[in-house]
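> Below are the structure tokens for one structure; questions will follow.
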Amino acid sequence: MAKKEFNELVKHFQRVRAYMQHFYVYGFYTREEFEGRSSSTFDNEKRRLEGWMNPYYGFRMTRGGKANFISFDSRNVRRNPLYRALKSRSFTEKDIVLHFLILDVLHDGQEHGVQEILHGCLERLDNAVEPMFFEENTLRDKLSEYETLGVLSSRKQGRDKYYHMHPCEDVAPLAAALAFFSEVAPCGVVGSYLEDRLQEPCEHFRMKHHYITQTLDTELMCTLLEAMHASQDVIIVHMGKDGRQDNRQTVTPLYFMRSVQDGRIYLMAMSCRSRGFVSTRLDHISAVKPVKRQKGADAVQDVRELRALYDATRPNRWGASTSGRTPQRITFTIRVNPWEEHVKRRMYRECRTGRVEELEGGSLLRFTAELYDLTEILPWIRSFIGRITEFECESEFAGNRFLDDLAEMAVVYGLDAAEEEVQG
């Protein structure tokens, strides 16, 4: 049996997404770390990524083997390179030929019936090197698909349908808006597709901190947005190793929350089983499947009530965590020198739902917050190490964790923990 040739085109994006996440988002991975996949599958997927991401694709020899990765400096890259994967898909020879034949027939902007379009397609194939024939049902299915996608519009007259193509709008005046949207919006690939129609794309923008990991989650986000708009429940399938499907969970999607620190996007939802709020990172989801049910006034009202219920808890949430039943208080005080106004500005700018008080003429700043999950705020508090003079926490677990982290840091730097200024 002849060996099957490698095909760069993609039929199912889920596996490609899993490999790109492991090579780019999660770090360096070797062939041996992808359990349950054959060596040929790994090599094929790696070859696709090398074709799309060159020259951003590389490898490093480790003890565990050859670790592959995708890396680039966003300050030197004007366009999101991950869009190349989203713009690749598989098609048959007849698919691609029929695509261009339909567009060529309808390019005159006039209405044409199905029989007229079929005749025009076959007429254009008279001089083809190899004979090719299309059935009327195949053409009808393709025309219906393009109408659903918004490429074509139809008008029914009697039993016949007449199709015409939407005129292409001039997007040149929107070049700057498209350039910005395509690089910063969660579903920015839409802007990237429109940019492909420009002869001279806008090159004005550079991103110092460019969070593009959400690019691979575009399809999932679109499905979830449609479910939110329809007040519809969904089944989310959590991603296992190598993109394999893991456990499932039925939820009512409510919001997306995006971290301004690392660009990660979280889905905030209500669990249909436990009737509690849950949050899931979008890149930890392998599939989203809408639950079939009719949209009704009751469903719309239920979702509004769930959102109002979640909104009422926002003043006591630091991030996307849904842990904790009751808010608990946390307080810490830092010392600020007279010439360190930037520290004050930072405290006020980043305090979120907490309160900041100035003591002793502004030389001390006291931060206070009441949060459901106090462990979320600990990394931010640790960023003020060296200035903290007092620390109090109602959660014994969070307080001990903070003090344990200080003790470990003291050991690393050869300090005596007893000499620290922090008072627990």
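The values are calculated or read from the model by the stated rules, or taken from the named source; none is laboratory data. None of the values given here were measured: they were computed from a predicted structure. Here Cβ is always computed from backbone atoms with ideal geometry, including for glycine, and neighbour counts include all displayed protein chains.
> Can you tell which of MET165, MET239, MET221, MET228 is more than 30 Å from VAL303 (Cβ to Cβ) and either out of contact with any strand residue (DSSP E or B) (no Cβ under 7 Å at 6 or more places or on another chain) or not aromatic (Phe, Trp, Tyr) (or both)?
One residue alone meets the criteria, MET165.
> Out of segment 101-142, which residues are surrounded by fewer than 16 Cβ atoms within 10 Å (Cβ to Cβ) and among the β-branched types (Val, Ile, Thr)?
Passing the criteria: VAL129, THR138.
> Report, by residue number, each residue of segment 235-249 that is surrounded by 15 or more Cβ atoms within 10 Å (Cβ to Cβ) and at pLDDT 85 or above.
Those that are surrounded by 15 or more Cβ atoms within 10 Å (Cβ to Cβ) and at pLDDT 85 or above: ILE236, VAL237, GLN249.
> Among ALA398, ALA369, which is the only one that is under 30 Å from PHE277 (Cα atoms), in a strand (DSSP E or B), among the small types (Gly, Ala, Ser) and not assigned by TED's automatic domain parsing to the domain that holds ASP262?
ALA369
> If you don't mind, another one. Of the residues GLU93, GLU45, which is under 30 Å from GLY263 (Cα atoms) and modelled with pLDDT of 70 or more?
Matching residue, one of GLU93, GLU45: GLU45.
Residues are listed down the side, and each one gets a yes or a no for (1) touching a helix residue (DSSP H, G or I) at 6+ places or on another chain (Cβ under 9 Å); (2) over 28 Å from ALA269 (Cβ atoms); (3) assigned by TED's automatic domain parsing to the domain that holds ARG307:
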| site | (1), (2), (3) |
| --- | --- |
| HIS204 | yes, yes, no |
| MET207 | yes, yes, no |
| THR218 | yes, no, no |
| HIS238 | yes, no, yes |
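Per-residue answers, yes or no, for (1) among the charged types (D, E, K, R); (2) under 30 Å from GLY51 (Cβ atoms):
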{"site": "ILE102", "(1), (2)": "no, yes"}
{"site": "LEU118", "(1), (2)": "no, no"}
{"site": "GLU123", "(1), (2)": "yes, no"}
{"site": "ALA128", "(1), (2)": "no, yes"}
{"site": "THR148", "(1), (2)": "no, no"}
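> Kindly list, by first and then second residue, each pair from a residue in segment 384-398 that is surrounded by 18 or more Cβ atoms within 10 Å (Cβ to Cβ) to a residue that is at pLDDT below 90 and part of a loop (DSSP other than H, G, I, E, B), limited to pairs with Cβ atoms under 6 Å and residues at least 6 apart or on different chains.
Close Cβ pairs (under 6 Å, with a partner that is at pLDDT below 90 and part of a loop (DSSP other than H, G, I, E, B)) amount to ILE388/VAL422; PHE391/VAL422; PHE391/GLY424.
> Does segment 18-29 contain any residue that is in a strand (DSSP E or B), closer than 24 Å to ARG281 by Cβ, of a type outside the set (Ser, Thr, Tyr) and modelled with pLDDT of 70 or more?
no
> Could I ask something else about it? Here are some residues: THR313, THR331. Which one is touching a residue at least 12 places away in the same chain (Cβ under 8 Å), touching a Cys at 6+ places or on another chain (Cβ under 9 Å) and among the hydroxyl-bearing types (Ser, Thr, Tyr)?
Going through THR313, THR331 in turn, the sole match is THR331.
> Answer with yes or no whether VAL114 is in contact (Cβ under 8 Å) with a residue 40 or more places away in the chain, within 29 Å of GLU169 (Cβ to Cβ) and not basic (Lys, Arg).
Answer is yes for this residue.
> Still on this structure, please answer the following. Hey, can you tell me all the residues within segment 316-347 that are surrounded by 11 or more Cβ atoms within 10 Å (Cβ to Cβ) and part of a helix (DSSP H, G or I)?
Matches in segment 316-347: ASN316, GLU341, VAL343, LYS344, ARG346, MET347.
> With respect to THR353, is the statement that it is in a loop (DSSP other than H, G, I, E, B), within 15 Å of ASN316 (Cα to Cα) and touching a helix residue (DSSP H, G or I) at 6+ places or on another chain (Cβ under 6 Å) true?
Yes: the conditions hold for THR353.
> Of all residues in segment 57-100 being of a type in the set (A, V, I, L, M) and part of a loop (DSSP other than H, G, I, E, B), which is surrounded by the fewest Cβ atoms within 10 Å (Cβ to Cβ)?
Once the filter is applied, the top-ranked residue is VAL77.
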